[in-house]
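Reviewing the structure listed below.
Where a number appears in this text, it was derived from the coordinates with a stated rule and is not lab data. This is a predicted model, so every value here is computed, not measured. Neighbour counts run over all protein chains shown; Cβ positions are idealised from the backbone, glycine included.
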Amino acid sequence: MACIGHRDGTASVSCSTCASPGCPECLEQVDNSFYCTNCLLQRLQEAEFEAYEAETTTLVRDSRLEAKRRVRRNWILTAIASVVIVPAVAGVVIEDDSFPSALKFVAGPIAGILAAYVLWAALWGIPAAWRWWKGLFAGTSALIVSSEFGWLLLAVSFFFIPIYFGYLYGVFGGAIYEYRKNLKIAAGLLLPDPA
Ligand SMILES: [Zn+2]
Ligand SMILES: [Zn+2]
C-alpha cells in the first residue's frame, strides 16, 4: 500500500486514530503509536484542552474550599470573641446608671448582639477591603514611594485605611454581601474573582 506522505513510499504502519497508511518517516511516533499530521495536531489540542480543564477544575475546587474555610472561620472567630464581647457590652449598658432602667434588659442583649454583628461584619469587611487596597497599591506604589511625604502617607494609611474602610464596608452591608458570595463559591455556583 502507498504511503499517504509520499507516493513512492510503502506504508508499513498506520495512524492509530484514523488508520491512514504511512511509512514511519511520514507518520509521527508518540508513545509507541503512530499519528498522521492531522490526528497529531488534534491530539495536541485535546491534550492542551485537558490540561487547561484540569487546571480550571483545580482552581475552582481550591476556591470552593477556601470560601468554605472563610465562612467557617468567620463564624468560629465570631462565636469565640462573642463569649467575651457580648456579655461585656451588655454589661456596660446594664450597669450604665444614666440609661433608663426599664429598658436595660432589652437594650443590654440588643447591644450584645449588635457587638457580635459588628465583629462578624469586620471579619468579612476588613479582608475584602485589604484585597481591594493591595490591588490599588499594585498600580500606584511607584508614585507614592518616590517622595518622603509618600512614605509617611504610606506608613499611616497602609494599615489604617483598609481596616477603617473594611470595618465600615462590613458593618453597612458588605459583610452580608461577602458572606453570601462565599457561600455561593463554596457551593460551586459562582467563580471567584481573579486574584
Ligand atoms: Zn490520522
Ligand atoms: Zn512516507
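The H on the amide N of Ala11, modeled in the peptide plane, is under 5 Å from the matching H of Ala2, Cys3, each at least 5 residues off or on a different chain.
Using R₀ = 45 Å, calculate the FRET efficiency as 1/(1 + (r/R₀)^6) where r is the Cβ-Cβ separation of Leu59 and Phe99; round to 0.05. Don't skip to the answer; put the middle values down first.
Numbers: r = 52 Å, r/R0 = 1.17.
Efficiency, from the Cβ-Cβ distance: 0.30.
For a Förster distance of 25 Å, can you work out the FRET efficiency between the beta-carbons of Val30 and Ala2, rounded to the nearest 0.05?
Details: r = 23 Å, r/R0 = 0.92.
According to the calculation, E is roughly 0.60.
Relative to the 2.2 N^0.38 Å rule of thumb, region 63-186 has a C-alpha radius of gyration ratio of 1.36.
The charge dipole of region 63-186, taken about the Cα centre with unit charges on the Cβ atoms of Lys, Arg (+1) and Asp, Glu (-1), comes to about 920 debye, rounded to the nearest 20. Relative to one another, the C-alpha centroids of region 60-114 and region 10-58 are positioned 62 Å apart. The slack in the chain from Ala155 to Ala138, taken as 0.36 nm per residue of separation less the alpha-carbon distance, amounts to 4.6 nm.
Within the chain, helices built from complete DSSP H runs that reach 27 Å or longer along their own axis (Cα positions) and carry a mean Kyte-Doolittle hydropathy of -1.0 or higher are 37-95, 101-145, 148-169.
The value of relative contact order for region 63-186, using C-alpha pairs under 8 Å at least six residues apart, is 37 percent.
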